[in-house]
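Computed from the coordinates by the stated procedures, all read-outs in this text should not be read as laboratory data. Quick caveat: nothing in here was measured; it's all calculated off a predicted structure. Don't worry about glycine lacking a Cβ; one is built from the backbone with ideal geometry, like all the others, and counts go over all protein chains shown.
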Amino acid sequence: MEQNMIRFAIIGTEGIGRSHEKGMQGVPNAKVTAVCDINEEYAKKAAVRNGLDKYYTDYKEMLKDGGFDCVIVCTPDKFHRDQSVDSLNAGYHVLCEKPLTMTLEECEDIVNAAKKSKKIFMVGQVCRKTPGFVLAKQMVDQGEIGELFLVESEYAHDYSILERGEWRKDPEYLRHPVVGGGCHAMDLLRWIAGDPTEVFAYANHKVLTDWPVDDCTIAIMKYPNNVIGKVMTSIGCKRPYTMRTCLYGDKGTIIVDNTSPEMTIYKTFKNEATGKTKYLPMQVPIAINNHNMTAEIQDMCDVISGKIELDMDAIVGANTVALCLAAVESAATGKPVTPKYFH
Ligand SMILES: NC(=O)c1ccc[n+]([C@@H]2O[C@H](COP(=O)([O-])OP(=O)(O)OC[C@H]3O[C@@H](n4cnc5c(N)ncnc54)[C@H](O)[C@@H]3O)[C@@H](O)[C@H]2O)c1
């Protein structure tokens, strides 16, 4: 086996578990050495795909047997807490899919287990690895568009055409779309503009009327340094999935998403000959990669090997959930809400 090879176990092998498996093919020092799915057919297929002679339907059995360094938790949100905490306590590193969990209590359990553990815990807020968003953040940090004053993002999806994932509409669990999917856009703006101090939201329920939760929410927020912003979450909108994002600074504007091959940057340009000021759009080509698991897993390997610092820790995941839950509470109460962040 290659030196410094990091061995991964996946819990939840269909859906996003497959994206992790595929992403791993781009990481030379990573490989899948154990798989678990509650659905035996899925587990068996994953074992075949990865050349393994064993598979599990109970993750606790897999944790007992070992043979891996890091567990990737790719199951529906309601399993994230137990599977992450048990994996950390069993002595494994953990990469857990977003949203970290659905409640602050569950987040707290993961944050505490991660603090106690000597192992690495990473949350999969993968938009922080999406090429267009990475470049946009770099440009903002380098002052390319001057002082930020307004940030906008969205999570626009149509869950009625998803082929899998019926659990998303389980009335027992009430997965709110702002936490479940909107967390991508909420997290993206937190990453770029900081932690909002206050959120106010409106929601409605006009498209996916057979779902047990509001299907569209708009949240407006106050960010540090007097930046204001908004995030729209819709899981019923009639358009292909995208996360259109606009970042406005006093010297320029960036328009970027995760599903287009280019981003647009506007800057003012003064024509000295005519004396007129114009907006020059600059189109920058971008690799479309809205599930950049290769970068996420490469980072996990590099953190485990001590080559880089961990950036997406449990508190990052928990604070994104805290912000999303504040938006949900605001829409329900009609009042502005201060998010309950973890430290
Ligand atoms: N990063 C992203 O952009 C992204 C995209 C999609 C989903 N996700 C997240 O990934 C998670 C899974 O979503 P999905 O779309 O892959 O769902 P899915 O339903 O398509 O797949 C979930 C898999 O987990 C298995 N499973 C369910 N309960 C299990 C259990 N208790 N033990 C073991 N296996 C179990 C299922 O059989 C299935 O194979 C969710 O938390 C979701 O939010 C993230």
Exercise. Only residues that are surrounded by 20 or more Cβ atoms within 10 Å (Cβ to Cβ) and within 15 Å of the ligand (Cβ to nearest atom): list them for region 47-76, please.
Key: Ala47, Tyr55, Tyr56, Tyr59, Met62, Leu63, Val71, Ile72, Val73, Cys74, Thr75
Exercise. Scan Tyr92, Tyr159, Tyr155 and give me the residue that is of a type in the set (Ser, Thr, Tyr), away from the ligand (no atom under 15 Å from the Cβ) and in contact (Cβ under 8 Å) with a residue 60 or more places away in the chain.
Key: Tyr92
Quiz prompt | Identity of the residue in region 16-29, within 21 Å of the chain's Cα centre (by Cα) and away from the ligand (no atom under 14 Å from the Cβ), that ends up surrounded by the most Cβ atoms within 10 Å (Cβ to Cβ) | solution = Met24
Practice problem: From Thr33, Thr13, grab the single residue that is out of contact with any Ser or Thr (no Cβ under 7 Å at 6 or more places or on another chain), crowded, with 17+ Cβ neighbours inside 10 Å and under 30 Å from Gly182 (Cα atoms). | Solution: Thr13
Quiz item: Of the residues Asp302, Asp311, which is closer than 23 Å to Val111 by Cβ, over 19 Å from the mean Cα position of the chain (by Cα), surrounded by fewer than 21 Cβ atoms within 10 Å (Cβ to Cβ) and not hydroxyl-bearing (Ser, Thr, Tyr)?
Solution: Asp302
Quiz item: Quick one: is Met300 part of a helix (DSSP H, G or I) and closer than 30 Å to Arg7 by Cβ?
Solution: yes
Exercise. State which residue pairs qualify: first residue under 13 Å from Glu154 (Cα atoms) and inside region 211-236, second residue aromatic (Phe, Trp, Tyr) and surrounded by fewer than 20 Cβ atoms within 10 Å (Cβ to Cβ) in any location, beta carbons under 6 Å apart, and separation of 6 or more residues or different chains.
Key: Ile218/Tyr202; Ile220/Phe200
Quiz item: Among the residues of region 63-80, how many are within 26 Å of the chain's Cα centre (by Cα) and either of a type outside the set (Phe, Trp, Tyr) or farther than 23 Å from Ala114 by Cα (or both)?
Solution: 12
Quiz item: Does Tyr279 satisfy the condition of being over 25 Å from the mean Cα position of the chain (by Cα) and either crowded, with 18+ Cβ neighbours inside 10 Å or free of Cβ contacts under 8 Å to residues at least 40 places away in the same chain (or both)?
Solution: yes
Practice problem: Give region 141-152 a look and list any residue that's under 21 Å from the mean Cα position of the chain (by Cα) and either closer than 20 Å to Val207 by Cβ or outside any strand (DSSP E or B) (or both), or say none. | Solution: Asp141
Quiz item: Only one of (1) over 19 Å from Cys324 (Cα atoms); (2) in contact (Cβ under 8 Å) with a residue 12 or more places away in the chain fails for Leu174. Which number is that?
Solution: (1)
Quiz prompt | Odd one out for Asp195, checked against (1) outside any helix (DSSP H, G or I); (2) closer than 27 Å to Glu262 by Cα; (3) more than 13 Å from the ligand (Cβ to nearest atom) | solution = (2)
Self-check item: Hey, Glu61 over 26 Å from Asp311 (Cα atoms) and of a type in the set (D, E, K, R) or not
Solution: yes
